[in-house]
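Encoded as structure tokens, the structure appears first; notes follow it.
Computed from the coordinates by the stated procedures, all read-outs in this text should not be read as laboratory data. Since we're looking at a predicted model, the values are computed, not measured. When we count neighbours, we look across all protein chains shown, and the Cβ atoms used for this are built from the backbone with ideal geometry, even at glycine.
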Amino acid sequence: MRILAATGNRHKLDEFRSLLAPHGFVVLGAADVGGLPPVVEDADTFEGNAAKKAVEIALATGLPCFSDDSGLEVTALNGSPGVYSARYAGPKATDDDNVKLLLRRMHGIKDRRARFVCVIACADAKGRLIGTARGECAGQISLVQHGMMGFGYDPVFIPEGESKTFAELGETVKNRLSHRHAALQESLRLDLWQQLRDATP
């Protein structure tokens, strides 16, 4: 089944293609449909932003669609950057800008606990929300950046039970441990993908 991923993030698209291929989905990206319409992510929860993106882009394209909203929550920063993870250092911030700001704000803080959160939302071709699923990956923030793989906050996030950051562990290990993988497993448990198939002529 062909399904559109409502993301302009190439790294996320690659991860989702890898995660969903074994379940029989061909994941289309923005380049496959001539680009995606902009969606203002103004909800104050991951669930709200994911659902809004899935519904609006399904309506705009006429394709069954899924989206995710994900981010990093740091315990000592009261859950920040949270839904603002991608624009933590400003609306035009790069991944490196965001990571450096996070490390500055974590300077001298002993409690390094954090978690990655991902919420997947699915909508049918008529823009009807099928449902959402949430996944989390607990870990801690490293003192400095390590590793060249991955993206976002991967160079400073050490998942629970590991001694290296996601950016050091690589795609195979990350896909097994990640919040996106956890959200996908939850979406399978909730049968969201079968419901989406059933809603698609």
> So what J values fall out for region 146-151 if you push phi through Karplus, 6.51 cos²θ - 1.76 cosθ + 1.60 with θ = phi - 60°, rounded to Hz, Gly and Pro as x?
Replying inline: 9, x, 10, 8, x, 7
> Non-local amide H neighbours of F157 (under 5 Å, H modeled in plane, Pro and chain starts lacking H): which ones?
Replying inline: S142, F166, A167
> Which whole-number percent of Cα pairs in the chain have a distance greater than 26 Å?
Replying inline: 31
> Which cross-chain or sequence-distant (5 or more) residues have an amide H under 5 Å from the amide H of L28, H modelled 1.01 Å from N in plane?
Replying inline: I3, L4, A5
> Contour minus end-to-end for V33 and L59, with contour as 0.36 nm per residue of separation and end-to-end as the Cα-Cα distance?
Replying inline: 8.0 nm
> Separation between the R105 and D42 pseudo-spin-labels, each 7 Å from Cα along Cα→Cβ, expressed in nm?
Replying inline: 2.3
> Within straight cross-link reach of K174, meaning Cα distance under 19 Å, which aspartates and glutamates are found once same-chain residues fewer than 8 apart are removed?
Replying inline: D14, E15, D68, D69, E73, D95, E136, D154, E160, E162, E186
>> Test of understanding: what is the full-extension gain from T200 to H146, defined as 0.36 nm times their sequence separation minus their Cα-Cα distance?
In response: 15.1 nm
> Between T75 and R176, what is the FRET efficiency for a Förster distance of 25 Å, r being their Cβ-Cβ separation, to the nearest 0.05?
Replying inline: 0.55
>> Connecting C-alpha atoms closer than 10 Å in a GNM of the chain, tell me which of A21, A50, A183 has the biggest fluctuation.
In response: A21
> Considering amide H positions built from the backbone, and no H for Pro or chain starts, which residues 5 or more places from G131, or on another chain, come under 5 Å of its amide H?
Replying inline: C122
>> For region 179-196 and region 65-119, what is the centre-to-centre distance using only Cα atoms, to the nearest Å?
In response: 24
> Pairs K12/K164; K53/K110; K12/K126: which are spaced more than 30 Å apart, C-alpha to C-alpha?
Replying inline: K53/K110
